[in-house]
Structure formats: C-alpha cells, structure tokens
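Colleague: Quick one: the structure is below, questions incoming.
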Amino acid sequence: MSIPKTATTVLGACAVAVALALALGAGRASKGASLGPSSAARIRPAVAVAVVAPQASGPPSAAVRASAPAKKRAKPRPSPVEKAAADEALCRRAAAVGPDGSGAVEASPADDAAILAAERRIDAELRGSSDPFSQAVAAWLEPIDASSELRQRQERLARLAATTTDARVYALAYRECTKGDEDESAPGCRTLSARQWAQLDRGNALPWVYVLGDATVHGDLAARDDALYQIASSSRFEERSFAPAQVILEHAGPDGVGLVAANALVSQASGLTSTQTMPIYALLSTCHGGGEDDGSEASPCAGTVELLVRHSDSMALRRIGGAMDFAMTGDTSRRDRLRDESRRLGTVPSPRETGGCASLREAQDFQRRAGEIGEVAALRERASY
C-alpha cells in the first residue's frame, strides 16, 4: 500500500527534527557550547528521558563507599594491668638516667610525646598558680635559645623580683643574677640587692653572706664586719634547695607519665640550682683570718658556727660549720660528731631503676618534704621511721 505524500512529508520533517535535536545535543556535550533559550526548550524532554533512571534498590556501589568519610576506630583503652605495666616500664627508663643526664641515655623517655605533654601541663599549672614562687619557677625553667639563655632567664626573674614581697622569688632571682660575669648580666639584675633580699627574708643569714662577699671584694671592712654581725645574729640559715622541687611535684599527678615528667623538671631545676654560687669563701676567710673576732664564744664567728651547725637547712652548710669550728679552735670533736650524724642519716633518696614507680614516688615524697621543712629535718624525720 502506498503512503500518501502528505504523510511522507510529515514523517520526513519529524525525522529531520529529531536528527537535528540529537546533533545539537551531541555538539553541546562535546564542545561545551551554550544553547539559546529556544533550543534548550526544544531538547529538554529528550534530555530528561535520557538521564532519568529508576532508583537503585541494592547496596551502594564501591565508588560511593569509597567517597564516604571513613569512620575512625576509637583506640582501645589499656586495661588497668596494661596501664600499670606501661607505667612501670616508663619509671624504670627514667630512673636509668642519672640526674646529670648520664646513664642509659638511649632508653631515656625525654622525647616521649606523652612525657612532653605532661611537662607542658605542669608548666601551665605552675604559670596559672596563685603562688608567686610557682610562677617564678615556671619562668626559671622556661626553655629558650641557648646562646642567650642566661641573660633571658635573669631578665625574666629580675622583673618578677622587682615587684615581689615573696622572699623565695627574690632569692631565686638574685642568685640567678650572680651567675656569669657581672658586666654581662641582664639589665634587670642591676636593680636587685642582697640588702633588699635581707629585708624581705628577715632572720635568714643567707642574704647577708652575699653582702659579706660584696664587702670583701671591695675591701669595705666596715660593711664586712656589719654583715658578719648580721649573720651571727640571725635565727636561721636557709638555702631552701628543695623549694623548686616542692612546687613542681605538687602538679605531678598519680600516673607514671606525670611522675616521669615531674622528675625531668625537678632534675632540670636541680641542675640550675647547682650552678648558683654562694660566697662562702668570704665567710671562711673572714673567720679563719680572725676579722674582728676576739676568740670568745660570743664573737660573730663563733655565733656563725653555732648557726650553721644547729640552724641550717642543708647538710652542706652543717659541714661548713664543722670545718669553720675546726679552723677556729683546732678541736676535731664537733666536726667528727657531724660526720657521724651524717653517716647515720644517710643521703637523699634517688630513684632506683629496679624500684620502678614506687622508687620514683619515694624519692619525690622526700623532695617534697625537704622543700617544706629543709633537707636536714627531712633526713632526720626519715631516719626516725
């Protein structure tokens, strides 16, 4: 049967339109050309038919799964037994390294991330403390550029001392400022004086020893004799060597990480303390040479010996008192008694590698107590248990 010409013409026109629409669509896809409004209106139904598909009902494809954010698995917490074992291992590693950094350095936990984090926590708590001395200890221990370390530390402490009424802060700053060459000390150090320290710490002979040292260096005999009199008239001789350890250990915490971090900071403080100088030579030379001493028991030098032996807070100061007594009298009996007592009291406990965290706690308990009552009293208390 033949198709009428009119129908053929209509079908041909439709075919041409469809072909044209497909060609335009392909061209847009391949060339990125923008279509005008009329063209877009004409091809929209065809595009809709091409892209609309029924919703998949199965599981997401691998590509979808890969693009989804991965859920992090929570790190399992160690059991109490595992935590205790890890603490013991950490404490033993810390005890294997001596206070001066010697020993099994390759096993040192100093660079352990958890230890460093605990040290930062302790530092932040010291800085945020309401106690001025705790704040000063944090400034004292702050790590800085080694090339200018001393001057920067001196300046920080001198600024704190300039406005303090706390004798511990002033003593820390003043003694730090005595390190190194006087001409190279921080500018803030020049505002500090041993006499001002003595005003803040009435009854303590230690600042007057520095006054005595300065007078001896400058050959000021009147100032020397006055300082010696002030020393002999004092009620105590306190160096407070364990005071920084005490405030650090208040923030140690109960676990092995806190113990080891606090131990590292205490060791750092001990190292800084050991480099502080005391002009004890001025005291020894003045009394050994006689000074204004008349040899009687009421003389300033004899009074200084009594103070050192009976009312000092460190074993080293007591030994100095014994040496002065022998130099002045030639009698060895007092010096020998002091030596016997020193052997009986023993030494300051230090962490033992074999003792783990228990040994570390024992050492820190003593350091904390010595900070409260002094080394001599703490050793006597420990020996009486």
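Colleague: In Å³ and rounded to a whole number, note down the convex hull volume per residue for the Cα atoms of the stretch 176-227.
Modeller: Working: hull volume 4.4 nm³, N = 52.
In the stretch 176-227, the Cα hull volume divided by residue count equals 85 Å³.
Colleague: What is the local net charge at ALA139, summed over the other residues whose Cβ is closer than 9 Å to its Cβ (Lys, Arg +1; Asp, Glu -1)? The partial results should precede the final answer.
Modeller: On the way: positive: ARG127, ARG153, ARG156, ARG159; negative: GLU142.
Spelling it out: positives minus negatives among the neighbours equals +3.
Colleague: Would the stretch 81-383 count as rounded, prolate or oblate if I go by the C-alpha gyration tensor, calling it rounded below 1.5 in a/c and otherwise prolate when a/b exceeds b/c, oblate otherwise? Spell out each step's value before the answer.
Modeller: Numbers: a/c = 2.42, a/b = 1.49, b/c = 1.63.
Oblate shape, in that a/c is at least 1.5 and b/c is the bigger or equal ratio.
Colleague: Per 0.36 nm of contour for each residue apart, how much would the distance between TYR229 and GLU88 grow if the chain were fully extended, relative to their Cα-Cα spacing?
Modeller: Numbers: separation 141, 0.36 × 141 = 50.76 nm, distance 5.27 nm.
Once the chain is fully extended between TYR229 and GLU88, it gains 45.5 nm.
Colleague: Right, something else. Please give the net charge around ALA194, taking every other residue with its beta carbon less than 12 angstrom from that of ALA194, where Lys and Arg add +1 and Asp and Glu add -1.
Modeller: 0
Colleague: Per the Kirkwood definition applied to all pairs of different Cα atoms, how many angstroms is the hydrodynamic radius of the stretch 271-385?
Modeller: On the way: mean 1/r = 0.0628 Å⁻¹.
So the Kirkwood estimate lands at 15.9 Å.
Colleague: Turning to a different aspect of this structure: Mind checking the alpha-carbon convex hull of the stretch 225-335 and giving the volume per residue in Å³? The partial results should precede the final answer.
Modeller: Details: hull volume 13.0 nm³, N = 111.
Value for the stretch 225-335: 117 Å³ per residue.
Colleague: Could you tally the net charge around ALA85, taking each other residue with its Cβ under 15 Å from the Cβ of ALA85, Lys/Arg +1 and Asp/Glu -1?
Modeller: Numbers: positive: ARG77, LYS83, ARG92, ARG93; negative: GLU82, ASP87, GLU88, ASP255.
Its environment carries a net charge of 0.
Quick note: the coordinates plus some simple rules give every number you see, no bench work behind them. All figures in this text were calculated on a predicted structure; none of them were measured in a lab. For neighbour counting, all protein chains shown are included, and Cβ atoms are generated from backbone atoms with ideal geometry for every residue, glycine included.
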